[in-house]
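Trainee: I am attaching a structure below and will ask some questions about it afterwards.
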Amino acid sequence: MLSDRDSAILEFEGSWWLFPGPKDRSIRDYLGMSATRYYQALRRLMDDPGAVETHPLVVHRLRRVRDGRLARAAERLGDA
């Protein structure tokens, strides 16, 4: 079961482009937290089964982005 805060973070991530202004300012205005704390929470939520259950599209998109970054980093390290 997700906390209200965790659910709000995932809901925000699913539609942050609808908020006015830069994302980091919207994070502070609408969630009352720093961008650093927000991204730390997102990374934790990516591996939370409750997050997948309640916000599957957002979590799967975040995992896909993360996995792509890891794959590109591995390629770069393998080419060095």
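Trainee: Can you work out the Karplus-derived ³J(HN,Hα) for every residue in the stretch 29-45? Use 6.51 cos²θ - 1.76 cosθ + 1.60 with θ = phi - 60°, whole Hz, and x for glycine or proline.
Mentor: Calculated HN-Hα couplings, in order: 5, 9, 10, x, 9, 6, 4, 4, 5, 4, 5, 5, 5, 4, 4, 5, 5 Hz.
Trainee: So how far apart, in nm, are the two label points at Asp67 and Arg37 if each is 7 Å from Cα heading toward Cβ?
Mentor: With each label point 7 Å from Cα toward Cβ, the separation is 3.2 nm.
Trainee: Shifting gears a bit: If you put +1 on each Lys and Arg Cβ and -1 on each Asp and Glu Cβ, how big is the dipole of the chain around its Cα centre, in Debye rounded to 20?
Mentor: 300 debye
Trainee: What label, among (i) 30, 25, 17; (ii) 43, 30, 20; (iii) 56, 31, 22, belongs to Cα extents along the principal axes in Å computed from the structure on display?
Mentor: (ii)
Trainee: Another question about this same structure. Relative contact order for the chain: what is it in percent, counting Cα pairs under 8 Å that are at least 6 residues apart?
Mentor: Relative contact order here is 29 percent.
Trainee: Which whole-Hz ³J(HN,Hα) couplings does the stretch 52-67 yield from phi under the Karplus relation 6.51 cos²θ - 1.76 cosθ + 1.60, θ = phi - 60°, glycine and proline marked x?
Mentor: Working through the residues one at a time gives 5, 5, 8, 9, x, 5, 5, 5, 5, 5, 4, 5, 4, 5, 4, 5 Hz.
Read-outs throughout are calculated quantities, based only on the coordinates presented, and are distinct from any laboratory measurement. If you're wondering where the values come from, they're calculated on a predicted model, not measured in any experiment. No Cβ is skipped: glycine too gets one built from the backbone with ideal geometry, and neighbour counts run over all protein chains shown.
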